[in-house]
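Take a look at the structure set out below.
What follows is calculated from the coordinates using simple rules that are stated; it is not laboratory data. For clarity, every value in this text was computed on a predicted model and none was experimentally measured. So basically every Cβ, Gly included, is an ideal-geometry build from the backbone, and we count neighbours across all protein chains shown.
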Amino acid sequence: MTFKRTLMLSVIVGVVGGLSAYVLAWGLFTTHPELGMESVRARGVAMWVSPIAFLGSLIYFSARSRTR
């Protein structure tokens, strides 16, 4: 796997991971007001998940391509 492909796949995984984390956190915070968190805080969750998913997938795809 070339580095460009690895980088593009990692960007896609990071964006999709961030969006899905946002949707899940927003839904949780909206439907459960007893948590005491506003639904606006879901953006913070997505901002943390996106780079972590990007870096994790970049490491995974890089290690996977070296073993082949």
Inset, instruction - Return the only residue of 45, 40, 13, 23 being among the hydrophobic types (A, V, I, L, M, F, W, C), under 26 Å from residue 63 (Cβ atoms) and out of contact with any Asp or Glu (no Cβ under 7 Å at 6 or more places or on another chain). - result: 13
Legend entry - Output for region 43-68, where each listed residue is among the charged types (D, E, K, R) and either buried (at least 18 other Cβ atoms within 10 Å of the Cβ) or not in a helix (DSSP H, G or I) (or both): 68
Inset, instruction - Find all pairs meeting these conditions: Cβ atoms under 6 angstrom apart; at least six residues apart or on different chains; first residue within region 48-62 and without any contact (Cβ under 8 Å) to a residue 40 or more places away in the chain and closer than 21 Å to residue 23 by Cα; second residue of a type in the set (Phe, Trp, Tyr) and buried (at least 19 other Cβ atoms within 10 Å of the Cβ). - result: none
Inset, instruction - Go through region 16-42 residue by residue and tally those that are in a helix (DSSP H, G or I) and surrounded by 14 or more Cβ atoms within 10 Å (Cβ to Cβ). - result: 11
